[in-house]
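Inspection log for the structure reproduced underneath, given as structure tokens.
The values are calculated or read from the model by the stated rules, or taken from the named source; none is laboratory data. A quick note: this is a predicted structure, and the numbers were derived from the prediction, not measured. So basically every Cβ, Gly included, is an ideal-geometry build from the backbone, and we count neighbours across all protein chains shown.
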Amino acid sequence: MHPLNALLPVLASLGMLLSTPAFAAAAATVEAVQSPAWRDRGGVTVPLAAGMELKSGDVLRTGAGARAYLMLAEGSRVKLGEGARFSFHTRSLQPERSFRGALDILAGAFRFTTGKLKKTLPREVAIRVGTATIGIRGTDLWGKTDRDGELVALIEGRIEITRAGQATELAQPMTYYDAPTGKAAEVKALDPETFVKLTRQTEILPGDGAARAKGKWRVSAGLAASEDAALELYDQVREAGFAARIRPSEVEGGGWRYEVRLGGFSSAAEAEAAAARLKAATGIKPVVGR
């Protein structure tokens, strides 16, 4: 048996042990990824993958045309748009029961939505969007920060925004806080057309090519006859922000073959869309399968 193949069951068991906290749930989990996207932790960068558990202090980044959905342990969902940089910080020992912490939107667009069934859970969440800080009370909001300033839209609930020492409360749904760089902030009405344009920046729609933890379809980036060739392709795909894996298989008559693949797609259409994104990013010509 090839040494790499012999190690696979051991590595799989070890991975399960390491990914399962002994005393508490993960502070957050990646629900869906429309690559390319990455997670930075302790000076190490890896592609963001559906099902990945996140820790306080992790920094997430999305590339061009990318999206990512994160589920906080207490039931709130965070959606990230393209070109986003996001981190979160919490010291909660049982974040699934009581969450205290801060979400930092360093760049790009996001949407934060409290779980409808868990609105009564104790939570103290501050969301920092560029130069503005948002205090929330069980709500649904959308925001963005870039060189032009900050914009925060209230969809449901109420929020308090603090910027340059001045506090502004938004209690009327479908209003937004517009704070251009170097100018005074204003509260304005959010019309339906603008709302649709904003939310599209953070939504994953059918056919966008997102991966989820239970998807059965896959994208093969290529086959290699040697470990070195497989690792070279693997590194190329992962550096581009796609969560590839290597799958070895025994070849009839002796020898081994190595497939570099992406998984987690719910349909052939989703896999085809992801394959097109991978090709555009790397020049590789992937193949869709199940």
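At a glance:
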| item | result |
| --- | --- |
| Among (1) surrounded by 11 or more Cβ atoms within 10 Å (Cβ to Cβ); (2) modelled with pLDDT under 95; (3) outside the structural domain of residue 273 (by TED's automatic domain parsing) - the single one residue 215 does not satisfy | (3) |
| Selected residue (only one of 244, 276 is surrounded by fewer than 15 Cβ atoms within 10 Å (Cβ to Cβ), in contact (Cβ under 8 Å) with a residue 60 or more places away in the chain and not aromatic (Phe, Trp, Tyr)) | 276 |
| Cross-chain or 6+ apart pairs with Cβ under 7 Å, region 54-72 first and in contact (Cβ under 8 Å) with a residue 12 or more places away in the chain and on the phi > 0 side of the Ramachandran plot, then not charged (D, E, K, R) and not in a loop (DSSP other than H, G, I, E, B) | 57/87; 57/89 |
| Neighbours by Cβ (under 6 Å, 6+ apart or cross-chain): first from region 150-163, in the same structural domain as residue 113 (by TED's automatic domain parsing) and under 17 Å from residue 106 (Cα atoms); second basic (Lys, Arg) and modelled with pLDDT of 95 or more | 151/144 |
| Out of 205, 198, sole residue that is under 20 Å from the mean Cα position of the chain (by Cα), assigned to a loop (DSSP other than H, G, I, E, B) and farther than 19 Å from residue 52 by Cα | 205 |
| Identity of the residue in region 28-58, closer than 16 Å to residue 85 by Cα and of a type in the set (Val, Ile, Thr), that ends up surrounded by the most Cβ atoms within 10 Å (Cβ to Cβ) | 33 |
| Unique match (being assigned to a loop (DSSP other than H, G, I, E, B) and either of a type in the set (S, T, N, Q) or at pLDDT 90 or above (or both)) among 68, 64 | 64 |
| Residue check for residue 238: surrounded by fewer than 22 Cβ atoms within 10 Å (Cβ to Cβ), farther than 18 Å from residue 35 by Cα and among the basic types (Lys, Arg) | no |
| Selection count where residues are within 29 Å of the chain's Cα centre (by Cα), outside any strand (DSSP E or B) and surrounded by 15 or more Cβ atoms within 10 Å (Cβ to Cβ), scope region 175-195 | 2 |
| Qualifying residue in region 243-263 (condition: touching a helix residue (DSSP H, G or I) at 6+ places or on another chain (Cβ under 8 Å) and small (Gly, Ala, Ser)) | yes |
| Cβ-Cβ under 6 Å pairs, at least 6 apart or on other chains, region 210-222 side among the β-branched types (Val, Ile, Thr), far side outside any loop (DSSP other than H, G, I, E, B) | 219/262; 219/271; 219/274; 219/275; 219/288 |
| Spans of strands (runs of 3 or more DSSP E) in region 229-290 with at least 1 residues in contact with a strand residue (DSSP E or B) (Cβ under 8 Å, 6 or more places away or on another chain) and of a type in the set (Phe, Trp, Tyr) | 256-265 |
| Within region 108-127, considering residues that are surrounded by fewer than 17 Cβ atoms within 10 Å (Cβ to Cβ) and at pLDDT 70 or above, the one nearest to residue 60 (Cα to Cα) | 126 |
| Residue satisfying condition, being touching a Lys or Arg at 6+ places or on another chain (Cβ under 7 Å), of a type outside the set (D, E, K, R) and farther than 21 Å from residue 31 by Cβ, within set 132, 126 | 132 |
| Among residues of region 24-51, those that are in contact (Cβ under 8 Å) with a residue 40 or more places away in the chain and not in a strand (DSSP E or B), counted | 10 |
| Number of the condition not met by residue 145 [criteria: (1) surrounded by fewer than 17 Cβ atoms within 10 Å (Cβ to Cβ); (2) at pLDDT 95 or above] | (1) |
